[in-house]
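The values are calculated or read from the model by the stated rules, or taken from the named source; none is laboratory data. None of these values were measured; they are calculated from a predicted model. Quick reminder, even Gly has a Cβ in these numbers, built from the backbone with ideal geometry, and neighbours come from all protein chains shown. Only protein heavy atoms, including side chains, enter the accessible area calculation; ligands, DNA and RNA are left aside. Shrake-Rupley method; radii C 1.70, N 1.55, O 1.52, S 1.80 Å.
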Amino acid sequence: MSVGRAPAFVTALVLGAGVVLAVSVVAGAASPTVPGPPAGPLEAQRPTAVSVKAATLGMRSCSKMLELGGSLVVGACRERAAARGQTGPLHLVVAQRLPGGAAAVKYTGPSAGDAYSLKPTVFARPGAAGPFVVLAEAAAELSYGIGVYVVDGASVRHAGDMDVGVATDDGEGPSSAVPFARLEWTDAGLCVRFTRDLVRPKPDGTYTPVARDRLAYVYASGRLTEATSCGNR
Amino acid sequence: MAANWTWPLLVNVIRKKKVSNTFGMVRHYANGTPKPHQGWDFEAAVGTTAYAIAGGKVHSVKSGGDYGHRITIEFEHNGVKYWAFYAHMQHIGKSVGDIVELNDEIGTTGKSGNAINLPASEDHLHFEIRTQASPGMGLAGRISPIKIFGVCPLNVPIAG
């Protein structure tokens, strides 16, 4: 039985279901090839964060974008809503900065769906040498997983997604696994492994644990695939 | 029979009237992969007063992480113990161990945690009903709030 309180005004509402097309532009060859940088680990970068005018990217808003060298920047931008009262989804965007805070889109990643946030972390070989790898973690109240992007000059490729997270200290979540990701270029391609035990989603909305040494991801021949380790695909 | 529960806000309606803001595998990621939503999102401008849905005891008050400021209240409903969980709060005016009465003001809604990235039109209270004090990940240890409220205010706001 409900206990009523004083009536109050009702906020005006507009239905907002939005399936919005993501515009994906991949520069470079149609048949992907893995860039071939020297083998070795990648380091998380701390790029300078800059503001760009989202409208010049055709977006509603953008977080501060991270410099990738040259005039390229990467960040999360929210698409304009398809209709009044709706909210557009987030996308990872790589853009070229132009004078006056403007920017030109080089790449727009797929929609992050219902995610509230999309946080890019940039990795590169020592000395910030390219190609760059961007791990973009999408989340709402819990992590939705990590998108993997390879930025090699003007070529940007969505390698795939890693649908993993980590338990929070109080056993909830999952939260982002990006802080525990270790990346390296190997002879086989790009390898991502983790220094903390992971969890993976089950169809019923719960999660199952995966030991940190039982799951890695390898990007080679244009595909991101699961492996048990960086040396054993 | 005395009423033993109420709604968490004065006006209760699911955010944007979207099913994706109710309980279950209702959310989606980039490639269409279903994702869980552990509770209901009620529309609530930042600073909206939130109320205890039942008399009980404050089990936890925490900050940070994806949920932001959050409070859990232990209560009993039809002889069964549950935990009401309020997240993305702006301010919480109760402390662990406090006894709360039905309809007590417990704080104000906000956009802490990951909700900070949402536009103002999406401001909300994330509200869960938990069957365990420490429920685990995703939907584990949680039930749809409709099990308590009996109705979901998906299309029509309900006054609390």
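The table below gives the values:
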read-out	value
Conditions (1) modelled with pLDDT of 95 or more; (2) in contact with a Phe, Trp or Tyr (Cβ under 6 Å, 6 or more places away or on another chain); (3) not polar (S, T, N, Q); number of the one not met by B:Ile106	(2)
Looking only at segment B:137-155, and only at residues there that are surrounded by fewer than 19 Cβ atoms within 10 Å (Cβ to Cβ), in a loop (DSSP other than H, G, I, E, B) and modelled with pLDDT of 95 or more, the one that is farthest from the other protein chains (Cβ to nearest Cβ)	B:Cys152
Condition met for B:Gln132 (part of a loop (DSSP other than H, G, I, E, B), of a type in the set (S, T, N, Q) and over 17 Å from B:Arg15 (Cα atoms))	yes
Segment B:16-29 - residue that is open to solvent by 10 Å² or more (accessible area, probe 1.4 Å) and touching a Phe, Trp or Tyr at 6+ places or on another chain (Cβ under 8 Å) and, of those, farthest from the other protein chains (Cβ to nearest Cβ)	B:Thr22
Unmet requirement for B:Ser134, which otherwise passes all of (1) at pLDDT 95 or above; (2) within 12 Å of another protein chain (Cβ to nearest Cβ); (3) open to solvent by 50 Å² or more (accessible area, probe 1.4 Å)	(1)
Residue that is surrounded by the most Cβ atoms within 10 Å (Cβ to Cβ), among those in segment B:114-131 that are closer than 17 Å to B:Val61 by Cα and touching a His at 6+ places or on another chain (Cβ under 8 Å)	B:His126
Qualifying residue in segment A:150-163 (condition: without any contact (Cβ under 8 Å) to a residue 60 or more places away in the chain, open to solvent by 10 Å² or more (accessible area, probe 1.4 Å) and either facing another protein chain (nearest Cβ under 7 Å) or within 21 Å of B:Asp66 (Cβ to Cβ) (or both))	yes
Output for segment B:114-129, where each listed residue is at pLDDT 95 or above and either in contact with a Leu (Cβ under 6 Å, 6 or more places away or on another chain) or in a loop (DSSP other than H, G, I, E, B) (or both)	B:Asp123
Strands (runs of 3 or more DSSP E) completely within segment A:136-233 that count 1 or more residues being among the aromatic types (Phe, Trp, Tyr)	A:143-152, A:181-186, A:189-194, A:207-210, A:216-220
Any chance B:Gly107 is small (Gly, Ala, Ser) and in a strand (DSSP E or B)	yes
Selection status of A:Val105, under 15 Å from the mean Cα position of the chain (by Cα) and either of a type in the set (Val, Ile, Thr) or surrounded by fewer than 24 Cβ atoms within 10 Å (Cβ to Cβ) (or both)	no
Meets criteria (modelled with pLDDT of 95 or more, open to solvent by 30 Å² or more (accessible area, probe 1.4 Å) and within 10 Å of another protein chain (Cβ to nearest Cβ)) for B:Lys111	yes
Whichever residue in segment B:33-77 is under 17 Å from A:Glu172 (Cβ atoms) and among the hydroxyl-bearing types (Ser, Thr, Tyr) and, among such residues, is nearest to the other protein chains (Cβ to nearest Cβ)	B:Tyr67
